[in-house]
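Below is one structure, written out as structure tokens, with a few remarks after it.
Read-outs throughout are calculated quantities, based only on the coordinates presented, and are distinct from any laboratory measurement. All figures in this text were calculated on a predicted structure; none of them were measured in a lab. Glycine gets a Cβ as well: all are built from the backbone with ideal geometry, and neighbour counts include every protein chain shown.
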């Protein structure tokens, strides 16, 4: 293709990027003498009416738009079975590359980028166009800091007769799906806002909120899992920004922002929020006569791991039945509470000279301890919460046990550390003093 001239004016200079449907080249408009991007559909797909219609739809949808935060389309056509689209050439990198380079972005930068894309989306939505594939790979970054939305390849024309998908058809990129996309339901403008919310979350944390090896598991997470707190990565994010993220990533479309202008306004308000939220804490160093250990903050990976196993069981019904049968027939750990309930230690039951517990976590806030207990319970590990007074401050210890035999404790520790719950890698065995049996309320 290099050196080929299309439609008598567009010279193909070099390959920029390729995809499953088309290849994008850097080219030159020989009439206007300017550099352009030329998207050429895979010739093998030229006989497939479905792909041809989608390619034409992208040209029609993007051709309606003229906005500084959307890559403009100049021309489109077909020549000898070769379908092409001529677009504005953006010299720069994708937002995905930018996130990878920096790890994660500051709140101010991430919000400003999201505001720019919200502007572009608002323009598209006013033209009756839903993008349906918002992701950082489809956002281009110019050297002067302008961000542009591109690739309307699976866009939907709300008011057109050229809508190519029906309810039950899933289109888009699974990590950025809205819940209604994940379930194949009819979508509207809040679906794009959800996807942009995922991009905002990724900019702030360096990771998407939901991830798993199997795409179906990621889709199920969008439908059912709570969005992790981005402050686990950036502790000083404002409470107002956290609330905006929670709303734009609401499971139900009607609970999100209903248009891009509303979302943009909410984002602008967060930039003036003077009160950062420092909770949850990280790297708590605790010490007592019995132990001294430093604890890491909770991360999204623990939630993703437990969700992955949960939805694997959902997807594999036979394994679910077997696992549940095993679970209900197996004895629990000594003195461990029911996994369906988060409990606080209120009685001491051991009468042995030596007893051992497996300490998995220590937190200043009880709700973080409860989250860890629930994650462990998803692995059939029965944990207990015990209030601890350290340096005059209330903390909450998450532990398993008691175990009267250290070998038994060691065996259980290995199971905990191999559970996949990230915090459990630092679990350790603690010998506790002998206690007489007593009751409590």
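Brief remarks on what is shown
- Here is the size of region 93-270 from its Cα atoms: Rg then Dmax, 15.1, 48 Å.
- Volume per residue of the C-alpha convex hull in region 379-419, rounded to whole Å³: 91 Å³
- Each label was represented as a point 7 Å from its Cα along the Cα-to-Cβ direction; for residue 431 and residue 33 these points are 8.7 nm apart.
- With the simple model of a label 7 Å out from the Cα in the direction of the Cβ, residue 72 to residue 405 spans 7.8 nm.
- Going from the residue with the fewest nearby Cβ atoms within 10 Å to the one with the most, 10, 428 rank 428, 10.
- If you look at the Cα atoms of region 29-142, you get an Rg and a Dmax of 15.9, 49 Å.
- Normalising by residue count, region 5-88 has a Cα convex hull of 93 Å³ per residue.
- Here the calculated FRET efficiency for residue 9 and residue 127, from their Cβ-Cβ distance with R0 = 30 Å, stands at 0.65, rounded to the nearest 0.05.
- Label point 7 Å beyond Cα of residue 97 along Cβ direction - residues of region 118-147 with amide nitrogen under 15 Å: 136-147
- Over all distinct Cα-Cα pairs of region 88-159, the Kirkwood formula returns a hydrodynamic radius of 12.9 Å.
- Length added when fully stretched, residue 64-residue 388, from 0.36 nm per residue minus Cα-Cα: 110.3 nm
- Sequence of 48, 411 once ranked by neighbouring C-beta atoms within 10 Å, starting from the fewest: 411, 48
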